[in-house]
Amino acid sequence: MRRRPTQLRPTRIEPYPTAAPGSVIIAQGATKVLCTASIAAEVPKWLSGKDGKPPTRGWVTAEYAMLPGSTSERKRRGGDSRGTEIQRLIGRVLRAAVDLKKMPGVLITCDCDVLVADGGTRTAAVTGGFVALAQAVAHARAEQLIEQDPIHGPVAAVSVGIIDATARLDLDYELDSRAEVDMNVAMNHAGRFVEIQGTAEAGTFDHKQLNRMLSLASSGVKKLIKLQREVLAGC
């Protein structure tokens, strides 16, 4: 069935059993990403307290990788510049969801491993990564590693673009490969933008088109956040 330009791909977020306190698989169309969140009772050295004092903040970071079988041609293991850029994006967006001062001395690392890549892997990693992060925070509170709930609210992300002069939501690989404009948009539960990455792949775009893409992204993120809340309510 052909999707309307304003329609998200079928999206599922499901808990997935691993040893990590936060663990889900997110599927958007054919794209599948395993998102886990692990807890460590130590923060990076640059956040450590001075003169032996305990740290006053915690930290949230992310790692991202495409597994060898995620694409038609085997993806080689190991880091690359694209993966580094994406994991920095994921970390920035997830940190926008928490008050780091309410989780002093606690480091949460969200690992996002792409099982199947069919477009939108970084945005799926953000959306699934938040659910895993929230699960890990709940575990840390149950273990009394964190006293107060540090989560401001959900964050999610989605891709948008211009294909054949039409603004479209949630690009799969086939659409992304033909996009005149490609954009990734991350937003929080209050409808505020956290990060926007956009470029004209084959042409330019004007204010009207930009506003249309941002409007589409906003509607998509609202639906994704609703799904995140439903999944967390059932955990």
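The values are calculated or read from the model by the stated rules, or taken from the named source; none is laboratory data. Nothing here was measured: the structure is a model prediction, and the numbers come from that model. So basically every Cβ, Gly included, is an ideal-geometry build from the backbone, and we count neighbours across all protein chains shown.
Contact map, the range 124-144: first residue more than 15 Å from Gln87 (Cα to Cα), second residue in a helix (DSSP H, G or I), Cβ cut-off under 7 Å, separation 6 or more or different chains; pairs are Val131/Gln228; Val131/Val231; Val131/Leu232; Ala134/Leu232.
Take Asp182 and tell me if it is under 19 Å from the mean Cα position of the chain (by Cα), of a type outside the set (Gly, Ala, Ser) and at positive phi. So Asp182 fails the test.
Across the range 120-160, the qualifying residues are those that are out of contact with any strand residue (DSSP E or B) (no Cβ under 8 Å at 6 or more places or on another chain) and part of a helix (DSSP H, G or I), and the one among them that is surrounded by the most Cβ atoms within 10 Å (Cβ to Cβ) is Ala138. Can Gly220 be described as out of contact with any helix residue (DSSP H, G or I) (no Cβ under 7 Å at 6 or more places or on another chain) and at positive phi? So Gly220 does not fit the description; no. Screening the range 91-119 for residues that are charged (D, E, K, R) and not in a loop (DSSP other than H, G, I, E, B) and picking the one that is nearest to Pro10 (Cα to Cα) gives Asp113. If the condition is being assigned to a loop (DSSP other than H, G, I, E, B), among the acidic types (Asp, Glu) and free of Cβ contacts under 8 Å to residues at least 12 places away in the same chain, then the range 184-235 contributes only Asp206.
Against the list (1) touching a Leu at 6+ places or on another chain (Cβ under 7 Å); (2) modelled with pLDDT under 95; (3) among the aliphatic types (A, V, I, L, M), the condition Ala165 fails is (1).
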